[in-house]
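Enquirer: Have a look at this one.
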Amino acid sequence: MPDDRIEICSPATGETLGSVPIATREDVAEAAAKARVAQVEWSQRSLAERCTVLTQVKNVIIDRTDEICDLLSKEQGKPRVEAMVHEVANLVDLIHYFTGEADRILAPEPIPLHLLKHRASYLHWKPRGIIGVIGPWNFPFNICNGPVVVALLAGNGAVVKPSEFTPLIQELAREIFIQGGVPEDLVQVVHGYGETGAAVIDHVDMVEFTGSVATGRKVAAQCGERLIPCVTELGGKAPALVLDDANLARTAGGLAWGGFANCGQVCASVERVLVHRSVLPGLLELLVPKVAALKPGDTQADASIQIGPLNNRRQRDIVQALVEDAVSKGANALVGGNAIDGPGHFFEPTILVDVTPDMDIVNKETFGPVLPIMVFDDDEAMIQEANRSHLGLLAYVFSTNATRAQGIAERIEAGTVMINDVLATHGMPETPWGGVKASGVGHTHGDDSLRHMCQQRHVNYGRLPSLRSEPYWYPYGPKLYGGFKRMIGLILGTGLRNRLRWFRG
Ligand code: NDP
């Protein structure tokens, strides 16, 4: 393969799927310039027109679902069902929600002034310009294109830098945007490695980044240099707290799906199971057979395969090293525990017990098919262990007592806590998605994510047009000083309140 192209290989078989050109810094500058020209016309269209175009895009996605799922399954490795549910259905619903609600979300918003009642204020929203979207390889269709849709609705253009491991699906996404009626130059796609991503940041007005903590720090620093906003959606180490009153059948099903969907390559995957000692035997009895039944394989060759390979060799090596570290420190694999030989990047779905806090498997992001289980004697110890991580994206609580579960959920340091369910809030576009601690800054999804794609602008005006001046204008003098002194005491201090209390007797 020439140096100026990236070759994409199937994660299941190693076969070559295609290649893409690597964009140089000049290519990125040119792409951003084209998007900028197209954005001027796009931003002048009404919001209703933009919603109509994005609705057409949604319909093209629906029409081309099979093609999208096939390519996702080939390039990323996931089962077609997951491509359908987690990527296509998720994105279609996001477009449906935001095209239906954009009018309300972006409506000018009055701010009631508490003091200067003769004036009024409102907020309105203007596009930022060009949004840089830099994405990962685990949900390449949904995670890159959700932000593109929201950016376009707000009147922006976009430059997308997909992961080097999954560029082909973004080529298809660009084709779909154009087929739906998005102006040809408005959404640009540039391929490459980290340098291409860094070049994108130099030419855009805001960055929406999803990826690792290490890269997120670099992206945020570069955005800081340029004083442009960035949203960083980074790693997770989601704990699942299984309380002593949990419904174990539901918990086992939730943990199996939450730990192994997308072969564990989900930022919200269950990466730590914290279970009350009294329910451990019952839980394992139900969980072990479920996980043992997950036989990894080529999702293209057999539609009944429930779990695919890891997407790339680098990720498989990370998972293997974490499991080896845990086993060397005393963990035992009840199921799995090994990489599978072959051209594909397969790893056996794994349950580890006898896990202790010194093991890398509970301290570093795994991003693979491993459920490490730790045992506790009370809720307090579980909460402390949950909050020990430097990451705080998602967390889960399993309990049949809603009040108790919510009390615990509110004490867990995570952007979202789900009770008796896992992963699913990414499919609820009205809810904010974002982490605390090193899991990132800002949110995708939720109404504010659309507003955040805009400059928030404020207009303040007088409600009494005949008023000739304001009390705080020139000339200054003792009268103005004394007037304001009386006002702060009377209205903003306790004076008036005391007087009112005195009147009330
Ligand atoms: P990386 O951080 O390795 O890469 C993310 C993207 O950034 C890729 O397109 C990458 O290009 C690009 N990139 C690399 N270096 C730079 C740079 N200096 N400047 C700009 N862009 C750069 O993450 P992964 O692709 O490995 O994704 C996995 C990570 O993503 C996990 O940590 C996971 O938790 C996180 N994630 C977070 C989500 C969330 O919502 N919080 C959702 C999904 C994943 P290239 O691929 O060519 O190196």
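Enquirer: Show the residues, 5+ positions off or on another chain, whose built amide H is closer than 5 Å to the amide H of Val436.
Expert: Amide H to amide H, under 5 Å and 5 or more residues apart or across chains, Val436 pairs with Gly392, Leu393, Gly415.
Enquirer: May I ask you to work out the translational diffusion coefficient for the stretch 204-286 at 10 °C, viscosity 1.306 mPa s, via Stokes-Einstein with Rh from the Kirkwood sum over Cα pairs, reported in whole µm²/s? Walk me through the numbers on the way to the answer.
Expert: On the way: Rh = 15.1 Å.
In µm²/s, the coefficient rounds to 105.
Enquirer: Still on this structure, I have one more. Sort 251-259, 292-300, 218-226 by the packing proxy (mean of other Cβ within 10 Å over each peptide's residues), most packed first.
Expert: On the way: 251-259: 23.4, 292-300: 18.2, 218-226: 15.8.
Descending packing order for the listed peptides: 251-259, 292-300, 218-226.
Enquirer: Using alpha-carbon pairs under 8 Å, 6+ residues apart, how would you state the relative contact order of the chain in percent?
Expert: RCO, the chain: 18 percent.
Enquirer: For a protection proxy built on the mean count of beta-carbon atoms within 10 angstrom, sort 109-120, 25-36 highest first, please.
Expert: On the way: 109-120: 11.2, 25-36: 18.1.
The densest-packed peptide leads the list: 25-36, 109-120.
Enquirer: Ok, one more. Counting C-alpha atoms alone, how compact is the stretch 1-124: give Rg to one decimal and Dmax as a whole number, in angstrom.
Expert: Using the Cα atoms of the stretch 1-124, the pair Rg, Dmax is 21.7, 71 Å.
Enquirer: Right, here's the next one. Quick one: which of 94-106, 66-78 comes out on top by average Cβ neighbours within 10 Å, and what's the full order, highest first?
Expert: For the peptides 94-106, 66-78, the packing ranking is 66-78, 94-106.
Enquirer: What is the distance in Å between the Cα centroid of the stretch 184-232 and that of the stretch 44-118?
Expert: Spelled out, the Cα-based centre of one part sits 21 Å from the other.
Enquirer: So which cysteines in the chain don't have a second cysteine's C-beta under 4.7 Å from them?
Expert: That list is Cys9, Cys51, Cys69, Cys144, Cys263, Cys267, Cys454.
Enquirer: Give me the three principal axis extents of the stretch 7-71 from the C-alpha atoms, as integers in angstrom, largest value leading.
Expert: 48, 36, 11
Enquirer: Once the Cα atoms of helix 90-105 and of the chain are each reduced to a long axis, what angle between those two axes, in degrees from 0 to 90 to the nearest 10, is obtained?
Expert: The two axes meet at around 0 degrees.
Enquirer: If amide hydrogens are placed 1.01 Å from N in the peptide plane, which non-local residues have theirs closer than 5 Å to the one on Gly132?
Expert: The answer is Val159, Asp205, Met206, Val207, Glu208.
Enquirer: Next question. Per residue, how much space in cubic angstrom lies within the convex hull of the C-alpha atoms of the chain? Display every interim value, and only then the final one.
Expert: On the way: hull volume 100.8 nm³, N = 505.
Dividing the Cα hull volume of the chain by its residue count gives 200 Å³.
Enquirer: Still on this structure, I have one more. A 27 angstrom limit on the alpha carbon distance is what I want to check against. Which of Lys161/Lys218; Lys78/Lys218; Lys58/Lys364; Lys78/Lys329; Lys34/Lys74; Lys78/Lys126 exceed it? If you can, show how the numbers build up before the last one.
Expert: Working: Lys161/Lys218 15 Å; Lys78/Lys218 29 Å; Lys58/Lys364 37 Å; Lys78/Lys329 32 Å; Lys34/Lys74 31 Å; Lys78/Lys126 38 Å.
Going by Cα-Cα distance, Lys78/Lys218; Lys58/Lys364; Lys78/Lys329; Lys34/Lys74; Lys78/Lys126 fall outside the 27 Å limit.
Enquirer: Taking the chain as the reference, fit the longest principal axis to its C-alpha atoms, fit the long axis of helix 495-504 to the helix C-alpha atoms, and give the angle between the two in degrees, 0 to 90, nearest 10.
Expert: Result, in degrees: 80.
Enquirer: Right, something else. Which value in deg cm²/dmol, rounded to the nearest 500, describes the helix-derived mean residue ellipticity at 222 nm for the chain, given -39,500 (n - 2.57) per DSSP H run of n ≥ 4 and division by the residue count?
Expert: Details: 17 runs with 201 residues, N = 505.
Calculated mean residue ellipticity at 222 nm is -12500 deg cm²/dmol.
Enquirer: Moving on. Can you sort Phe165, Phe398 from fewest to most other Cβ atoms within 10 Å of each residue's own Cβ? Could the numbers behind the result be given before it?
Expert: Working: Phe165 20, Phe398 28.
By the 10 Å Cβ count, ascending: Phe165, Phe398.
Enquirer: For the stretch 52-129, taking Cα atoms only, what is the radius of gyration to one decimal and the Dmax to the nearest whole Å?
Expert: So, for the stretch 52-129, Rg and Dmax equal 20.0, 63 Å respectively.
Every number in this text was worked out from the coordinates using simple rules, so none of it is lab data. Remember, it's a predicted structure, so these values are computed and weren't measured experimentally. Cβ atoms come from the backbone with ideal geometry, glycine included; neighbour counts cover every protein chain shown.
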